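Reviewing the structure listed below.
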Amino acid sequence: MKSLNLIFASVILATSVISCKKDTKSEEKTKTDSLASKKEVEQEFHKDWYGIYTGDFNSKPITTEYGNQIEEYKKISVKINRITKDSVYGYSVVNGNQRPLRGILNGNTLGLVLDEPGSDKSDGRFQLKIKQDSLVGDWSAYNKSDVKSPEKTVKLIRKEFAYNPNFMLSKKSYEESDYENPVDWNGGKVKTESYVNDEGKTETYENTFYRSASEKVFVINASKQKLAEKDLKNLRKLDLQIIRNTVFARHGYSFKKATYRQFFENTDWYVPVSSNVDAELSPLEKENVALLARLEKYAEDHYDTFGR
């Protein structure tokens, strides 16, 4: 009887070992199949198209109630991060609003259809074509009644983003215009003024005053030099704001406020790539930004008329 029990135990043990081996092989096969499947899914194509494309994001002409046609001009960046067999992944950034993109590529026509998530009222669909180093096409809002310009044209050029602490607003570009220094054309102050006409009667008219910066914005670099209060105490409020925000522009920050967009979008070096670059600032930049922001609270603006 004892011998039979030993034989029976040996058979059970052998069966268990064989079963374990089968299970192990089955697990290994499952893992192998899973890795192969994952590898197939993650295979990427057209990596030479990866990168940042930046440029015009303009509204199609809108006719007002008075019959005038107006257009809205903005700068947008679209980044393509990844292209697989079935999908294209990336993001768009404009006016400080960064939105993920997912879509498809038509390999025959080189056409891209890229969708924003739809969770924001300003989301929509891009329909673009790849032309060498350009993306050209249209954008349409999902909810056309929720946005000011539901249809836009898109003309983007591929551009490499690189942080450079030497980037500055160019004095030369302003000297070539009608204004020597930057002027904030947003939110001017309207003042009613009066004069005496040829008949001796007093007439009134409205004049708009805009705030302007000084030439200090072309000189002071908050990314390279440690600033002290004595260097900044006599500057205009707009001076301090431009000097501070030039730091963020160098890092590719996409500005929400039109005031700052108008200054940097006209430069050849500014490439908006992110809605938050705080982590990219150097310790020196963070220190200078804090000082500038504190002094802005007490600084005054300089207003003038510019014949506009």
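Given the criteria closer than 28 Å to Gly55 by Cα, under 23 Å from the mean Cα position of the chain (by Cα) and polar (S, T, N, Q), does Asn181 qualify?
Details: closer than 28 Å to Gly55 by Cα: yes; under 23 Å from the mean Cα position of the chain (by Cα): no; polar (S, T, N, Q): yes.
No; evaluated as a whole, the condition is false for this residue.
In segment 134-149, the residues that are in contact (Cβ under 8 Å) with a residue 24 or more places away in the chain reach residues that are among the acidic types (Asp, Glu) with C-beta atoms within less than 6 angstrom, at least six apart or across chains, in these pairs: Tyr142/Asp123; Ser149/Glu72.
Under 28 Å from the mean Cα position of the chain (by Cα), surrounded by 10 or more Cβ atoms within 10 Å (Cβ to Cβ), modelled with pLDDT of 70 or more and not β-branched (Val, Ile, Thr): is that true of Asp56 in this structure? Criteria met by Asp56.
Just one of the numbered conditions (1) part of a helix (DSSP H, G or I); (2) under 26 Å from the mean Cα position of the chain (by Cα); (3) surrounded by 11 or more Cβ atoms within 10 Å (Cβ to Cβ) is not true of Asn186: (1). Filtering segment 257-303 to residues that are within 21 Å of Tyr163 (Cα to Cα), charged (D, E, K, R) and at pLDDT 95 or above leaves Asp278, Glu280, Glu285, Lys286, Glu287. Counting the residues of segment 113-123 that are under 20 Å from Gly55 (Cβ atoms) and touching a helix residue (DSSP H, G or I) at 6+ places or on another chain (Cβ under 9 Å) gives 1. Among residues that are free of Cβ contacts under 8 Å to residues at least 12 places away in the same chain, at negative phi and not acidic (Asp, Glu), Pro283 is included. Whether a residue is under 30 Å from Arg125 (Cα atoms) and among the small types (Gly, Ala, Ser) was assessed, and Gly252 passes this test. For segment 189-200, the condition holds for no residue, the condition being that it is within 21 Å of the chain's Cα centre (by Cα) and aromatic (Phe, Trp, Tyr).
Got a sec? Which of Lys148, Lys155, Lys144, Lys131 is in contact with a Pro (Cβ under 6 Å, 6 or more places away or on another chain), open to solvent by 70 Å² or more (accessible area, probe 1.4 Å) and of a type outside the set (S, T, N, Q)?
Details: Lys148 fails: in contact with a Pro (Cβ under 6 Å, 6 or more places away or on another chain); Lys155 fails: in contact with a Pro (Cβ under 6 Å, 6 or more places away or on another chain); Lys131 fails: in contact with a Pro (Cβ under 6 Å, 6 or more places away or on another chain).
Among Lys148, Lys155, Lys144, Lys131, only Lys144 is in contact with a Pro (Cβ under 6 Å, 6 or more places away or on another chain), open to solvent by 70 Å² or more (accessible area, probe 1.4 Å) and of a type outside the set (S, T, N, Q).
For Lys172, state whether it is modelled with pLDDT under 95 and either under 17 Å from Glu265 (Cα atoms) or surrounded by fewer than 20 Cβ atoms within 10 Å (Cβ to Cβ) (or both). So Lys172 passes the test. Inspect segment 61-77 for any residue being at pLDDT 95 or above and polar (S, T, N, Q) and give the result as yes or no. Checked against the condition, which is being at pLDDT 95 or above and polar (S, T, N, Q), segment 61-77 yields at least one hit. Residues in segment 230-252 that are open to solvent by 40 Å² or more (accessible area, probe 1.4 Å) and either at pLDDT below 95 or in contact with a strand residue (DSSP E or B) (Cβ under 7 Å, 6 or more places away or on another chain) (or both): Lys230, Asp231, Lys233, Asn234, Arg236.
The values are calculated or read from the model by the stated rules, or taken from the named source; none is laboratory data. Source: prediction; values computed, not measured. Don't worry about glycine lacking a Cβ; one is built from the backbone with ideal geometry, like all the others, and counts go over all protein chains shown. Each accessible area value is taken on the protein alone, full model and side chains, heavy atoms only, with ligands, DNA and RNA left out. Shrake-Rupley method; radii C 1.70, N 1.55, O 1.52, S 1.80 Å.
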